[in-house]
Amino acid sequence: MNVKIEQSWQKALAAEWQKEYFSRLVEFVRNAYSRGTVFPPGRQIFAAFDACPFDKVKVVILGQDPYHDVGQANGLCFSVNSGTPLPPSLVNIFKEVADDTCAPMATDGDLSRWARQGVLLLNATLTVEAHHPGSHQRRGWEDFTDEVVSRLAHDRQGLVFMLWGSYAQRKGVLIDRSRHLVLTSPHPSPLSAHRGFFGNHHFTQANDYLVQQGLSPIQW
């Protein structure tokens with residue numbers, strides 16, 4: 001199966017392209033895009049991988065679905081294109097970054113600047129029907145992103161995984177905590193951020209760990 005994805009990921013995930021679940025998933029996604037409005041744009045489904053090659057990953061941030069409103073989703077979890085109003089969860093992420101690192105509050109929601117530094121911005125489900133959150137869950141994307149996390153956890157050493165909210169934290173069972181740093185907290189959504197996302201200090205913890213591994217910290 002010809003999947004258009006960055007070359008190192010193409011190699012790391014080669015076995016997935018031939019699996020029955022992935023064939024069913026491809027058929028479902030193609031039909032969904034042909035029937036109606038689905039986000040992100042088709043060419044950006046694998047944007048997180050294209051922006052952050054397998055051997056360059058230092059941090060994994062795991063989201064749930066792409067944004068489901070017009071003009072938001074760009075293939076990187078929590079990210080929107082420059083000039084797009086910031087969604088509430090992203091505002092809360094930027095608030096925590098500012099409080100944690102003492103950096104100025106960011107105003108540009110394009111997180112490709114993080115991806116270029118080695119942050120894989122991975123949604124558990126890579127597509128969604130317009131205005132219907134969760135509409136493409138349980139169609140095979142979770143199996144695919146489980147394999148992404150498993151490959152990173154098994155083949156790489158000294159990564160940071162940020163798992164925010166119970167949905168993301170389910171993937172924690174795939175990660176050997178003796179080989180990687182796993183950071184968990186409530187989700188940055190306005191519904192839960194005040195229950196422990198604010199003050200989690202994940203961004204400085206991640207950088208401290210990366211420095212201990214001999215890697216450059218992320219400029220959040």
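The values are calculated or read from the model by the stated rules, or taken from the named source; none is laboratory data. Note that the coordinates shown come from a computational prediction; the quantities given were computed from them, not determined experimentally. Virtual Cβ from ideal backbone geometry, glycine too; neighbours counted across all protein chains shown. Only protein heavy atoms, including side chains, enter the accessible area calculation; ligands, DNA and RNA are left aside. Shrake-Rupley method; radii C 1.70, N 1.55, O 1.52, S 1.80 Å.
Of the three principal axes defined by the Cα atoms of the stretch 28-106, the extents in descending order read 46, 32, 20 Å. Arg195: net charge of surrounding residues, Cβ under 15 Å, Lys/Arg +1, Asp/Glu -1, itself excluded? Around Arg195, the charge tally is 0.
Normalised size of the stretch 68-220, defined as Cα radius of gyration per 2.2 N^0.38 Å with N residues, equals 1.03.
Take every Cα pair under 8 Å whose residues are at least 6 apart in sequence, average their separation, divide by the length of the stretch 63-109, and the relative contact order is 29 percent.
Among Gly158, Gly36, Gly71, the largest mean-square fluctuation in a Gaussian network model of the chain (Cα springs under 10 Å) belongs to Gly36. Remark: the chain carries 47 Å² of accessible area per residue (probe radius 1.4 Å; ligands, DNA and RNA excluded). In this structure the amide hydrogen of Gly63, modeled in the peptide plane, comes within under 5 Å of the amide hydrogens of Leu122, Asn123, Ala124, none closer than 5 places in sequence on its chain. Over the chain, dividing the summed -39,500 (n - 2.57) contributions of all DSSP H runs of at least 4 residues by the number of residues returns a 222 nm mean residue ellipticity of -10000 deg cm²/dmol. Normalising the average separation of contacting C-alpha pairs (under 8 angstrom, six or more residues apart) by the number of residues puts the relative contact order of the chain at 22 percent. Basic side chains Lys and Arg get +1 at the Cβ, acidic Asp and Glu get -1 at the Cβ, and with that the dipole of the stretch 65-148 about its Cα centre reaches some 180 debye.
Summary of packing: across the peptides 169-182, 78-91, 110-123, the per-residue average of other C-beta atoms within 10 Å ranks them, highest first, as 110-123, 78-91, 169-182.
For Lys4, the lysines whose Cα comes closer than 29 Å to its Cα, not counting residues fewer than 8 places off in the same chain, are Lys19, Lys56, Lys58, Lys171. Loop-located trypsin sites (Lys or Arg not before Pro) in the stretch 1-61 (DSSP state other than H, G, I, E, B) with a sparse environment of at most 15 neighbouring Cβ atoms within 10 Å: Lys4, Lys19. Within a Cβ distance under 14 Å of His180, other residues only, what is the Lys/Arg minus Asp/Glu net charge? Within the 14 Å Cβ shell, the charges total +4.
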